[in-house]
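Here's the structure we're looking at; comments come further down.
Just so you know, all these numbers are worked out from the coordinates, no wet-lab data involved. It should be emphasised that the depicted structure is a prediction, and the values quoted were computed from it without experimental measurement. Positions of Cβ are backbone-derived with ideal geometry, glycine not excepted, and every protein chain shown enters the neighbour counts.
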Amino acid sequence: MTALALEAVVAGYGAGITVNGVDLVVHPGEIFCLLGGSGSGKTTLLRCIAGFLAPSSGRIVLDGRDVTRLAPHQRDVTTLFQSYALFPHMSVQDNIAFGLRRRRWKRADIACRLAEMLALVRLQGLGDRRISQLSGGQQQRVALARCLAPKPRLLLLDEPLSALDPELRAATRADLVATLRSQGTTALLVTHDRAEALAVADRIGLLQAGRLAQTGTPEALFERPSSRFVAGFLGDVVLLDATVRDSGILDLADGTAVEMASGQPAGSRVTLALRPERIRLEDGAGANRLAGEVTGLTYAGASIEVSVRLACGTTLTLVRPAELPRPSPGSSIWVGWDASAACVLTA
């Protein structure tokens, strides 16, 4: 069964198109992340799903029901905003119970659900506090509890952690995921933070200029990107231009041959993509090994980043554990990788 389906959704503001023909499926109980940079269309898409913006064409289907033209309050969708939008004049428990009272829940049911929510977000004993008396992380948990209390069919999260400092953000992110998992909530998270998307999502949809560039698990997008854009957006990547010689050999720009299945016909121009963490220092020449010169070392705590200028003129960076021996700047070295650690990009 599909919890949410977008079918060829097109939307924008005025004459401009921000979302251009997006097809997307979110499964029940899944945490799906819409990832993208500024202007990619992720917030516009969230507003369409929530009902705050009507798409110019396409359909939005929630649990098999077409909600494209329904008002926000008719969709049974709850949105956790970046600002949390808590009521400062209300207590914690009144904020959480607000939506239940609007839906005319019985008093006994509200009390039961309120106790359940306070326990779920670990705020027992704080129900009478004002919002101003809470930390940023506690406020985020109040906002999450308020969204989950009415048991919505879909929870939308609009960069809910962006206002928190890095240390609090990591801890709150773990709480958020644990809470959503425990409730079996179907959630769609919008963010520009790739680390957050990789850590939180069951699947990611990466938006580029209003279109989905690639959809899949975090591991699939990171390890097997479909294009240079996807490879670069998900993390540091080394890109080497190459030409397909035959089914298992690529020729780099300087003529060096590397072993890599491409699935492309001979003569095709492709790009070999490598993550810095997958590149090793080697003892000498061999399969998938390139000669180079160390141009610099950067200390990064648990690791050392080694900059290497290859014979073909390309400069790459590899990541090496700090406790291992370090090459000297100016020294000649070999770098290499396993064939399974690289991927061939054709787009």
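So here's what we get for this one:
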| quantity | calculated |
| --- | --- |
| Backbone N under 12 Å from the S38 label point (7 Å along Cα→Cβ), restricted to the range 166-204 | none |
| Relative contact order (percent, whole number), the range 148-284, Cα cutoff 8 Å, 6+ residue spacing | 15 |
| At R0 = 51 Å, FRET efficiency that the Cβ-Cβ distance of E293 and S162 yields, to 0.05 | 0.80 |
| The chain: relative contact order as a whole-number percent, Cα under 8 Å and 6+ apart | 15 |
| Mean Kyte hydropathy of -1.0 or more with a Cα span along the axis of at least 15 Å, helices from DSSP in the chain | 92-102, 107-120, 136-148, 166-183 |
| Cα centroid of the range 315-347 to Cα centroid of the range 112-160, whole Å | 46 |
| Once the Cα gyration tensor of the range 245-347 is diagonalised, semi-axes √(5λ) in Å | 26, 14, 11 |
| Inter-label distance for D338 and S268, nm, one decimal - labels placed 7 Å from Cα along Cα-to-Cβ | 2.4 |
| Counted charge near I333, where neighbours are those whose Cβ lies closer than 13 Å (Asp, Glu -1; Lys, Arg +1) | +2 |
| Among A178, A302, A231, residue whose mean-square fluctuation peaks in a GNM of the chain (springs only between Cα atoms under 10 Å) | A302 |
| Summed side-chain charge close to R146 - residues other than R146 whose Cβ falls under 14 Å, Lys, Arg +1, Asp, Glu -1 | +4 |
| Sites A253 and H89 - FRET efficiency at Förster radius 51 Å, r taken between beta-carbons, to 0.05 | 0.20 |
| Loop-located trypsin sites (Lys or Arg not before Pro) in the range 38-74 whose Cβ has at most 14 other Cβ within 10 Å (DSSP) | R69 |
| Relative contact order (%) - the range 236-345, alpha-carbon pairs under 8 angstrom, separation at least six | 29 |
| Centroid-to-centroid separation of the range 176-205 and the range 5-40 [C-alpha atoms, Å] | 16 |
| Distribution of pairwise C-alpha distances over the range 24-177, 10 Å bins, in % | 10, 37, 35, 17, 1 |
| Quotient of Cα Rg and 2.2 N^0.38 Å for the chain, N being how many residues it contains | 1.21 |
